[in-house]
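Here the structure comes first, spelled out in structure tokens, and everything after it is commentary.
The values are calculated or read from the model by the stated rules, or taken from the named source; none is laboratory data. Please read these numbers as outputs of a predicted model, since none were measured by experiment. Cβ sites come from the backbone with ideal geometry, for glycine too, and all protein chains shown count toward neighbours.
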Amino acid sequence: MIRKLSWLAAFACIPLASFLACSEPVVIADSEPTDDGRFVTLDSGMDGDASALETPLMCPSSTCLDPWRTCPSSKFPCDTNLLTDDENCGGCGIRCGGIVDLTAQWTCVDGQCVFGCRGMGSQNCDKNPSNGCETFTQYDPTNCGTCGTVCPAGFDCDYGICVDACEAYGLPDMCPDGTCTDLQSDDANCGSCGVECDTSGVGLPALHDTMHYGCVGGACGVPKCNDSNSENCNGDLNDGCEANLHTPEHCVSCDDVCPAGKFCGYGGGGWKCLCGEGQTRCISNYPNEGACRSLDDDPLNCGGCDNVCPGGAWPHYQPMCTSGVCGGACQTNYADCDELLDNGCEVDTRVDNRNCGACGHACEPGQACYEGACLVAPCDAGVTAK
């Protein structure tokens, strides 16, 4: 039975520093098998006179193209990439160390085992692989963001950026002893460092039990709330600090009302009215907090809070949420040929000669599948056809 195969052309050798030999030239072209199993380019409509170009007969090939090889661990011919395979790095059986710990790993890069860091912020600043990626550059003021980046005096490293140590905590001032404070409201440092207010209220009118005399606007002796999360919003000292802040009615300050459908929560470094347009609050386990999620396209909250789209653990499968409906797709070059869910997209169509380029597209027995196409090469006899 005559079959039509679709091929690519690949005569040129691929230069690689790691490999000294060049593979046999191959041709992948539109072809039909002859009676003896060889392949001939399909008739292009030439009249068959002597001017017609001669084309070599092509046969199925198992000769690997660099950097691919058939190793003892191979499942299919030429399915091992010696440039990237951690178990066969630069040659069959040369294994890189893999994961060292939570911060470090050995991987195959361009045919060489290379030490590298894994996880956000972990770096190998001392250049010593034996202790892994020992530096966490997210919060190290001597290696902030990158190795060797030192924050100035009085600055902390916050998420890889040098920031004023006091402002990072919402306190604008620093005293000589290194204490971060707000000189406008600190009872122990009122107006200037070391000026401590008398909070006893001796000789002053009695206050509600939610209030005391302290530092306000950099001056002592002013009524203020005991709890920074409450406020005297009505201005009446008789009922003290009657309003609770960080609520929908008084989110950041008195009468800072959140619009309908929004709540007051902590996010982005401060209290604010949440959520943004197109987002929904998905309640967390903490009071006054909640994650704002887009239920239209979030695969972890698809169409509703905590509605997780299936497939997150399936190999080579990417769950998706579209208009609030769960779906998903195989990663590029992978396919779900057995239609079983638990093993995900189990076929690599670049190298699987039973499913070469697509499910069910089988190469000849022993023929290599290269980048999704069955390989052919000039037949040994070198016969040509016109």
Odd one out for CYS220, checked against (1) touching a residue at least 12 places away in the same chain (Cβ under 8 Å); (2) surrounded by 17 or more Cβ atoms within 10 Å (Cβ to Cβ): (2)
Residue identified as modelled with pLDDT under 90, assigned to a strand (DSSP E or B) and farther than 28 Å from LEU183 by Cβ among GLY276, GLY265: GLY265
Set PRO248, PRO205, PRO223: member being part of a strand (DSSP E or B) and either of a type in the set (Phe, Trp, Tyr) or at pLDDT 90 or above (or both): PRO223
Looking only at region 84-104, and only at residues there that are buried (at least 18 other Cβ atoms within 10 Å of the Cβ), touching a residue at least 24 places away in the same chain (Cβ under 8 Å) and under 23 Å from the mean Cα position of the chain (by Cα), the one that is farthest from CYS133 (Cα to Cα): VAL100
First in region 312-336 and over 13 Å from CYS302 (Cα atoms), second anywhere and among the β-branched types (Val, Ile, Thr) and surrounded by 15 or more Cβ atoms within 10 Å (Cβ to Cβ), Cβ under 8 Å, 6 or more apart: ASN333/THR349; TYR334/VAL347; TYR334/THR349; ALA335/VAL347; ALA335/THR349; ASP336/VAL347
Of residues in region 226-243 being part of a strand (DSSP E or B) and of a type outside the set (A, V, I, L, M), the one farthest from CYS254 (Cα to Cα): SER230
Pairs with Cβ under 8 Å, 6+ apart, first in region 171-185 and in contact (Cβ under 8 Å) with a residue 24 or more places away in the chain, second surrounded by fewer than 17 Cβ atoms within 10 Å (Cβ to Cβ) and of a type in the set (Asp, Glu): LEU183/ASP173
Answer from GLY160, GLY170 - the residue that is under 21 Å from the mean Cα position of the chain (by Cα) and not assigned by TED's automatic domain parsing to the domain that holds PRO223: GLY160
Test: residue in region 78-86 that is in a loop (DSSP other than H, G, I, E, B) and among the polar types (S, T, N, Q): yes
Positions within region 137-170 being closer than 29 Å to GLY97 by Cβ and either in a helix (DSSP H, G or I) or touching a residue at least 24 places away in the same chain (Cβ under 8 Å) (or both), in sequence order: CYS147, GLY160
Complete set of residues in region 337-349 that are surrounded by 13 or more Cβ atoms within 10 Å (Cβ to Cβ), out of contact with any Pro (no Cβ under 6 Å at 6 or more places or on another chain) and without any contact (Cβ under 8 Å) to a residue 40 or more places away in the chain: CYS337, ASN343, CYS345, GLU346, VAL347, THR349
The one condition in (1) closer than 30 Å to VAL163 by Cα; (2) outside any loop (DSSP other than H, G, I, E, B); (3) of a type outside the set (Ser, Thr, Tyr) that LEU102 fails to fulfil: (2)
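Which of the residues belonging to region 341-352 are more than 21 Å from the chain's Cα centre (by Cα) and closer than 21 Å to PRO299 by Cα?
Within region 341-352, LEU341, ASP342, ASN343 meet the criteria.
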